[in-house]
(Lines give C-alpha, C1' and ligand atoms only; values in the text may rest on other atoms or scores of the structure.)
Protein backbone atom coordinates (compact mmCIF):
# COMPACT_ATOMS: atom_id res chain seq x y z
CA UNK A 1 0.00 0.00 0.00
CA UNK A 2 1.07 3.61 -0.62
CA UNK A 3 1.86 5.15 2.74
CA UNK A 4 -0.37 7.90 4.12
CA UNK A 5 2.68 10.18 4.32
CA UNK A 6 3.36 9.74 0.60
CA UNK A 7 -0.29 10.37 -0.24
CA UNK A 8 -0.31 13.53 1.85
CA UNK A 9 2.85 14.63 0.06
CA UNK A 10 1.14 14.15 -3.31
CA UNK A 11 -2.07 15.90 -2.32
CA UNK A 12 -0.84 18.72 -0.05
CA UNK A 13 1.80 20.67 -1.98
CA UNK A 14 2.32 23.20 0.82
CA UNK A 15 5.17 21.83 2.99
CA UNK A 16 4.14 23.78 6.11
CA UNK A 17 0.51 22.70 5.84
CA UNK A 18 1.46 19.06 5.29
CA UNK A 19 3.74 19.15 8.33
CA UNK A 20 0.95 20.77 10.35
CA UNK A 21 -1.54 18.06 9.41
CA UNK A 22 0.92 15.28 10.24
CA UNK A 23 1.96 16.96 13.51
CA UNK A 24 -1.66 17.27 14.58
CA UNK A 25 -2.27 13.60 13.89
CA UNK A 26 0.73 12.74 16.07
CA UNK A 27 -0.16 15.30 18.75
CA UNK A 28 -3.63 13.96 19.35
CA UNK A 29 -2.54 10.35 18.82
CA UNK A 30 -5.39 9.99 16.39
CA UNK A 31 -3.80 7.06 14.61
CA UNK A 32 -6.65 6.96 12.14
CA UNK A 33 -9.69 9.24 12.21
CA UNK A 34 -11.56 11.81 10.09
CA UNK A 35 -10.28 15.35 9.69
CA UNK A 36 -10.83 18.46 7.52
CA UNK A 37 -8.60 21.50 6.92
CA UNK A 38 -10.00 24.98 6.13
CA UNK A 39 -7.67 27.96 5.68
CA UNK A 40 -4.82 25.92 7.17
CA UNK A 41 -6.72 25.35 10.43
CA UNK A 42 -8.01 22.04 11.72
CA UNK A 43 -11.74 21.91 12.40
CA UNK A 44 -12.70 19.14 14.81
CA UNK A 45 -15.89 17.58 13.52
CA UNK A 46 -16.11 14.70 15.97
CA UNK A 47 -15.17 14.49 19.60
CA UNK A 48 -11.75 12.87 19.97
CA UNK A 49 -12.30 9.39 21.30
CA UNK A 50 -14.59 8.50 18.44
CA UNK A 51 -17.77 6.53 18.44
CA UNK A 52 -18.97 3.06 17.62
CA UNK A 53 -21.20 2.30 14.67
CA UNK A 54 -23.23 -0.75 13.72
CA UNK A 55 -23.65 -1.88 10.13
CA UNK A 56 -25.56 -4.78 8.53
CA UNK A 57 -23.75 -6.47 5.64
CA UNK A 58 -24.63 -8.86 2.83
CA UNK A 59 -24.53 -11.89 5.13
CA UNK A 60 -27.41 -10.31 7.09
CA UNK A 61 -25.18 -10.02 10.17
CA UNK A 62 -24.48 -6.87 12.15
CA UNK A 63 -20.90 -5.73 12.73
CA UNK A 64 -19.48 -3.16 15.09
CA UNK A 65 -16.75 -0.81 13.95
CA UNK A 66 -15.24 2.37 15.34
CA UNK A 67 -14.53 5.80 13.90
CA UNK A 68 -11.96 7.73 15.84
CA UNK A 69 -10.48 11.17 15.75
CA UNK A 70 -10.91 14.47 14.02
CA UNK A 71 -12.05 15.51 10.61
CA UNK A 72 -10.66 18.04 7.78
CA UNK A 73 -10.95 19.86 4.16
CA UNK A 74 -8.66 22.17 2.23
CA UNK A 75 -8.91 23.93 -1.10
CA UNK A 76 -5.50 24.52 -2.69
CA UNK A 77 -5.94 25.94 -6.21
CA UNK A 78 -9.17 23.98 -6.62
CA UNK A 79 -7.51 20.81 -5.29
CA UNK A 80 -10.20 20.17 -2.69
CA UNK A 81 -9.73 17.00 -0.68
CA UNK A 82 -10.63 15.16 2.49
CA UNK A 83 -8.46 12.69 4.32
CA UNK A 84 -10.23 10.11 6.46
CA UNK A 85 -8.36 7.85 8.83
CA UNK A 86 -10.57 5.03 10.05
CA UNK A 87 -10.13 2.97 13.16
CA UNK A 88 -12.65 0.20 12.87
CA UNK A 89 -11.87 -0.91 16.41
CA UNK A 90 -11.75 1.26 19.51
CA UNK A 91 -8.54 -0.34 20.73
CA UNK A 92 -6.72 -1.04 17.46
CA UNK A 93 -5.21 1.69 15.29
CA UNK A 94 -4.42 1.16 11.64
CA UNK A 95 -7.29 -0.75 10.06
CA UNK A 96 -7.81 1.47 7.02
CA UNK A 97 -7.49 5.00 5.71
CA UNK A 98 -9.32 6.86 2.96
CA UNK A 99 -8.42 9.94 0.94
CA UNK A 100 -11.19 11.66 -1.01
CA UNK A 101 -9.95 13.96 -3.78
CA UNK A 102 -12.92 16.16 -4.62
CA UNK A 103 -11.85 17.58 -7.99
CA UNK A 104 -11.20 14.04 -9.23
CA UNK A 105 -14.26 12.51 -7.51
CA UNK A 106 -11.89 9.78 -6.34
CA UNK A 107 -11.59 7.85 -3.07
CA UNK A 108 -8.16 6.29 -2.44
CA UNK A 109 -8.28 3.31 -0.10
CA UNK A 110 -5.03 2.82 1.77
CA UNK A 111 -3.48 0.72 4.54
CA UNK A 112 -6.09 -2.01 4.91
CA UNK A 113 -5.07 -4.33 7.75
CA UNK A 114 -6.51 -7.83 7.85
CA UNK A 115 -6.86 -8.11 11.63
CA UNK A 116 -9.71 -9.42 13.75
CA UNK A 117 -9.00 -6.51 16.10
CA UNK A 118 -10.57 -4.22 13.50
CA UNK A 119 -14.16 -5.45 13.67
CA UNK A 120 -16.57 -7.45 15.78
CA UNK A 121 -19.63 -9.41 14.69
CA UNK A 122 -22.51 -9.05 17.14
CA UNK A 123 -23.31 -12.72 16.54
CA UNK A 124 -20.38 -14.30 18.39
CA UNK A 125 -21.06 -17.72 16.84
CA UNK A 126 -20.78 -16.42 13.29
CA UNK A 127 -17.57 -17.18 11.37
CA UNK A 128 -16.45 -14.59 8.83
CA UNK A 129 -13.45 -13.52 6.78
CA UNK A 130 -12.03 -10.32 8.23
CA UNK A 131 -10.74 -8.83 4.97
CA UNK A 132 -14.06 -9.41 3.25
CA UNK A 133 -16.00 -7.68 6.05
CA UNK A 134 -13.57 -4.74 6.33
CA UNK A 135 -13.82 -4.04 2.59
CA UNK A 136 -17.63 -4.15 2.70
CA UNK A 137 -17.62 -1.68 5.60
CA UNK A 138 -15.18 0.63 3.80
CA UNK A 139 -17.26 0.65 0.61
CA UNK A 140 -20.56 1.29 2.41
CA UNK A 141 -19.10 3.92 4.73
CA UNK A 142 -17.40 5.72 1.82
CA UNK A 143 -20.55 5.86 -0.30
CA UNK A 144 -22.45 7.43 2.59
CA UNK A 145 -19.63 9.83 3.49
CA UNK A 146 -18.77 10.86 -0.09
CA UNK A 147 -21.97 10.52 -2.19
CA UNK A 148 -20.47 12.46 -5.13
CA UNK A 149 -17.48 10.16 -5.54
CA UNK A 150 -17.28 8.39 -8.90
CA UNK A 151 -14.67 5.74 -8.26
CA UNK A 152 -12.40 4.04 -5.72
CA UNK A 153 -8.68 3.43 -6.14
CA UNK A 154 -6.33 1.16 -4.20
CA UNK A 155 -2.88 -0.36 -4.43
CA UNK A 156 -2.97 -4.11 -3.86
CA UNK A 157 0.12 -5.14 -1.89
CA UNK A 158 -1.58 -7.93 0.04
CA UNK A 159 0.75 -10.41 1.68
CA UNK A 160 0.57 -13.44 3.93
CA UNK A 161 3.28 -13.28 6.60
CA UNK A 162 5.08 -16.55 6.94
CA UNK A 163 7.81 -16.57 9.60
CA UNK A 164 9.70 -13.71 8.00
CA UNK A 165 8.76 -14.70 4.46
CA UNK A 166 6.01 -12.75 2.68
CA UNK A 167 3.74 -14.63 0.29
CA UNK A 168 2.39 -12.41 -2.50
CA UNK A 169 -1.39 -12.91 -2.20
CA UNK A 170 -1.99 -11.23 -5.55
CA UNK A 171 -0.02 -14.01 -7.24
CA UNK A 172 -1.52 -16.74 -5.06
CA UNK A 173 -5.08 -15.57 -5.73
CA UNK A 174 -4.34 -15.49 -9.46
CA UNK A 175 -3.22 -19.13 -9.28
CA UNK A 176 -6.17 -20.28 -7.12
CA UNK A 177 -8.99 -18.01 -8.32
CA UNK A 178 -7.86 -16.48 -11.59
CA UNK A 179 -7.75 -12.91 -10.30
CA UNK A 180 -6.48 -10.84 -7.33
CA UNK A 181 -8.59 -10.67 -4.16
CA UNK A 182 -10.05 -7.17 -4.59
CA UNK A 183 -11.46 -8.10 -8.01
CA UNK A 184 -14.24 -9.98 -6.19
CA UNK A 185 -15.56 -6.54 -5.13
CA UNK A 186 -15.48 -5.25 -8.71
CA UNK A 187 -11.99 -3.69 -8.75
CA UNK A 188 -10.04 -3.95 -11.99
CA UNK A 189 -6.50 -2.91 -13.03
CA UNK A 190 -6.45 0.82 -13.71
CA UNK A 191 -4.23 0.92 -16.81
CA UNK A 192 -5.12 -0.64 -20.15
CA UNK A 193 -1.84 -2.59 -20.18
CA UNK A 194 -2.57 -4.18 -16.80
CA UNK A 195 -6.18 -4.82 -17.76
CA UNK A 196 -4.92 -6.82 -20.74
CA UNK A 197 -2.69 -8.79 -18.35
CA UNK A 198 -5.76 -9.36 -16.16
CA UNK A 199 -7.69 -10.80 -19.15
CA UNK A 200 -4.68 -12.92 -20.13
CA UNK A 201 -4.46 -14.41 -16.63
CA UNK A 202 -8.21 -15.09 -16.56
CA UNK A 203 -7.90 -17.01 -19.82
CA UNK A 204 -4.92 -19.00 -18.52
CA UNK A 205 -6.88 -19.87 -15.37
CA UNK A 206 -9.77 -21.26 -17.46
CA UNK A 207 -7.32 -23.69 -19.07
CA UNK A 208 -6.49 -25.13 -15.61
CA UNK A 209 -2.70 -25.37 -16.18
CA UNK A 210 -0.92 -28.48 -14.90
CA UNK A 211 2.53 -29.67 -13.91
CA UNK A 212 4.01 -33.17 -13.97
CA UNK A 213 5.41 -34.79 -10.85
CA UNK A 214 8.82 -34.85 -12.52
CA UNK A 215 8.70 -31.08 -13.11
CA UNK A 216 7.44 -30.43 -9.58
CA UNK A 217 10.25 -32.49 -8.06
CA UNK A 218 12.73 -30.60 -10.26
CA UNK A 219 11.59 -27.29 -8.72
CA UNK A 220 11.90 -28.74 -5.25
CA UNK A 221 15.43 -29.94 -6.01
CA UNK A 222 16.43 -26.59 -7.54
CA UNK A 223 15.49 -24.85 -4.30
CA UNK A 224 17.16 -27.55 -2.21
CA UNK A 225 13.93 -28.21 -0.34
CA UNK A 226 14.07 -31.15 2.04
CA UNK A 227 10.44 -32.06 2.61
CA UNK A 228 9.93 -33.51 6.08
CA UNK A 229 8.39 -37.00 5.83
CA UNK A 230 5.60 -36.09 8.27
CA UNK A 231 4.78 -32.90 6.38
CA UNK A 232 4.74 -34.84 3.13
CA UNK A 233 2.47 -37.56 4.55
CA UNK A 234 0.06 -35.20 6.33
CA UNK A 235 -0.19 -32.22 3.99
CA UNK A 236 1.17 -32.97 0.52
CA UNK A 237 0.90 -36.61 -0.56
CA UNK A 238 -2.91 -36.65 -0.83
CA UNK A 239 -2.80 -33.80 -3.36
CA UNK A 240 -0.38 -35.39 -5.83
CA UNK A 241 -2.27 -38.59 -6.60
CA UNK A 242 -2.57 -37.72 -10.29
CA UNK A 243 0.08 -36.95 -12.88
CA UNK A 244 0.02 -34.27 -14.18
CA UNK A 245 -1.32 -32.18 -11.26
CA UNK A 246 -3.61 -29.18 -11.50
CA UNK A 247 -1.50 -26.21 -10.31
CA UNK A 248 -4.63 -24.45 -9.08
CA UNK A 249 -5.74 -27.49 -7.08
CA UNK A 250 -2.27 -28.13 -5.64
CA UNK A 251 -1.59 -24.59 -4.40
CA UNK A 252 -5.15 -24.05 -3.19
CA UNK A 253 -4.99 -27.31 -1.21
CA UNK A 254 -1.68 -26.40 0.43
CA UNK A 255 -2.94 -22.91 1.34
CA UNK A 256 -6.10 -24.43 2.84
CA UNK A 257 -3.92 -26.71 4.97
CA UNK A 258 -1.91 -23.65 6.03
CA UNK A 259 -5.09 -21.76 7.00
CA UNK A 260 -6.33 -24.75 9.01
CA UNK A 261 -3.09 -24.77 10.98
CA UNK A 262 -3.52 -21.02 11.56
CA UNK A 263 -7.01 -21.63 12.94
CA UNK A 264 -5.72 -24.35 15.28
CA UNK A 265 -3.00 -22.03 16.56
CA UNK A 266 -5.55 -19.25 17.07
CA UNK A 267 -7.72 -21.61 19.10
CA UNK A 268 -4.83 -22.11 21.52
CA UNK A 269 -4.04 -18.37 21.53
CA UNK A 270 -7.61 -17.65 22.66
CA UNK A 271 -7.53 -20.34 25.33
CA UNK A 272 -8.15 -18.64 28.68
CA UNK A 273 -6.85 -21.37 30.99
CA UNK A 274 -3.24 -22.42 31.43
CA UNK A 275 -2.23 -25.00 28.85
CA UNK A 276 -1.64 -28.56 29.97
CA UNK A 277 1.63 -30.34 29.01
CA UNK A 278 -0.19 -32.33 26.31
CA UNK A 279 -1.70 -29.13 24.90
CA UNK A 280 1.69 -27.41 24.87
CA UNK A 281 3.10 -30.36 22.96
CA UNK A 282 0.24 -30.17 20.44
CA UNK A 283 0.71 -26.40 20.02
CA UNK A 284 4.44 -26.87 19.41
CA UNK A 285 3.68 -29.43 16.72
CA UNK A 286 1.18 -27.06 15.09
CA UNK A 287 3.71 -24.24 15.03
CA UNK A 288 6.41 -26.54 13.67
CA UNK A 289 4.11 -27.79 10.91
CA UNK A 290 3.03 -24.22 10.06
CA UNK A 291 6.65 -23.18 9.64
CA UNK A 292 7.66 -26.13 7.48
CA UNK A 293 4.57 -26.08 5.25
CA UNK A 294 4.78 -22.32 4.77
CA UNK A 295 8.43 -22.58 3.73
CA UNK A 296 7.45 -25.17 1.12
CA UNK A 297 4.70 -22.94 -0.30
CA UNK A 298 7.03 -19.93 -0.27
CA UNK A 299 9.70 -21.80 -2.20
CA UNK A 300 7.39 -23.09 -4.94
CA UNK A 301 4.45 -20.77 -5.66
CA UNK A 302 6.28 -18.21 -7.84
CA UNK A 303 7.79 -21.00 -9.92
CA UNK A 304 4.33 -22.50 -10.45
CA UNK A 305 2.93 -19.04 -11.31
CA UNK A 306 5.53 -18.72 -14.06
CA UNK A 307 5.18 -22.36 -15.11
CA UNK A 308 1.46 -21.79 -15.75
CA UNK A 309 2.37 -18.79 -17.95
CA UNK A 310 0.66 -16.22 -15.75
CA UNK A 311 1.96 -12.65 -16.00
CA UNK A 312 2.67 -10.19 -13.19
CA UNK A 313 1.11 -6.73 -13.31
CA UNK A 314 3.35 -3.74 -14.02
CA UNK A 315 1.88 -1.95 -10.99
CA UNK A 316 -0.60 -2.71 -8.23
CA UNK A 317 -3.19 0.04 -8.82
CA UNK A 318 -6.82 -1.04 -9.16
CA UNK A 319 -9.98 1.01 -9.40
CA UNK A 320 -13.72 0.50 -9.03
CA UNK A 321 -16.24 2.72 -10.80
CA UNK A 322 -19.24 3.71 -8.69
CA UNK A 323 -22.55 3.23 -10.47
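The values are calculated or read from the model by the stated rules, or taken from the named source; none is laboratory data. Given the structure is predicted, the values throughout are model-derived calculations rather than measurements. Cβ placement follows ideal geometry from the backbone for every residue including glycine, while neighbour counts extend to all protein chains displayed.
Here are some conditions: (1) over 21 Å from the mean Cα position of the chain (by Cα); (2) at negative phi; (3) modelled with pLDDT of 55 or more. Residue 100 meets all but one. Which one does it not meet?
Tallying (1) over 21 Å from the mean Cα position of the chain (by Cα); (2) at negative phi; (3) modelled with pLDDT of 55 or more, residue 100 fails exactly one: (1).
Determine which single condition residue 285 fails, assuming it passes every other condition in (1) out of contact with any strand residue (DSSP E or B) (no Cβ under 7 Å at 6 or more places or on another chain); (2) crowded, with 16+ Cβ neighbours inside 10 Å; (3) not in a loop (DSSP other than H, G, I, E, B).
(2)
Might you check whether a residue that is surrounded by fewer than 15 Cβ atoms within 10 Å (Cβ to Cβ), part of a helix (DSSP H, G or I) and at pLDDT 95 or above occurs anywhere in region 263-278?
no
Considering every residue within region 184-195, establish whether at least one is over 26 Å from residue 120 (Cα atoms), surrounded by fewer than 17 Cβ atoms within 10 Å (Cβ to Cβ), in contact with a strand residue (DSSP E or B) (Cβ under 6 Å, 6 or more places away or on another chain) and modelled with pLDDT under 95.
Looking through region 184-195, none of the residues is over 26 Å from residue 120 (Cα atoms), surrounded by fewer than 17 Cβ atoms within 10 Å (Cβ to Cβ), in contact with a strand residue (DSSP E or B) (Cβ under 6 Å, 6 or more places away or on another chain) and modelled with pLDDT under 95.
Restricting attention to region 143-151, does a residue exist that is on the phi > 0 side of the Ramachandran plot and at pLDDT below 85? Step through it out loud before you land on a result.
To start, the set of residues in region 143-151 that are on the phi > 0 side of the Ramachandran plot comprises none.
No, there is no match, as no residue in region 143-151 is on the phi > 0 side of the Ramachandran plot and at pLDDT below 85.
Does region 126-175 hold any residues that are over 23 Å from residue 315 (Cα atoms) and assigned to a loop (DSSP other than H, G, I, E, B), and which are they?
The answer is 126, 127, 128, 129, 146, 147, 148, 149, 163, 164.
Could you tell me whether region 166-178 includes any residue that is surrounded by 16 or more Cβ atoms within 10 Å (Cβ to Cβ), at pLDDT below 95, in contact with a helix residue (DSSP H, G or I) (Cβ under 7 Å, 6 or more places away or on another chain) and outside the structural domain of residue 128 (by TED's automatic domain parsing)?
Scanning region 166-178 turns up at least one residue that is surrounded by 16 or more Cβ atoms within 10 Å (Cβ to Cβ), at pLDDT below 95, in contact with a helix residue (DSSP H, G or I) (Cβ under 7 Å, 6 or more places away or on another chain) and outside the structural domain of residue 128 (by TED's automatic domain parsing).
If a residue must be over 18 Å from residue 299 (Cα atoms) and assigned to a helix (DSSP H, G or I), how many such residues does region 244-262 contain?
3
Exactly one of these conditions fails for residue 225: (1) modelled with pLDDT under 90; (2) exposed (fewer than 11 other Cβ atoms within 10 Å of the Cβ); (3) part of a loop (DSSP other than H, G, I, E, B). Give me its number.
Looking at each condition in turn, residue 225 falls short on (2).
Among the candidates 291, 304, single out the residue that is assigned by TED's automatic domain parsing to the domain that holds residue 227, modelled with pLDDT of 90 or more, part of a helix (DSSP H, G or I) and crowded, with 18+ Cβ neighbours inside 10 Å.
Values: 291 fails: crowded, with 18+ Cβ neighbours inside 10 Å.
Going through 291, 304 in turn, the sole match is 304.
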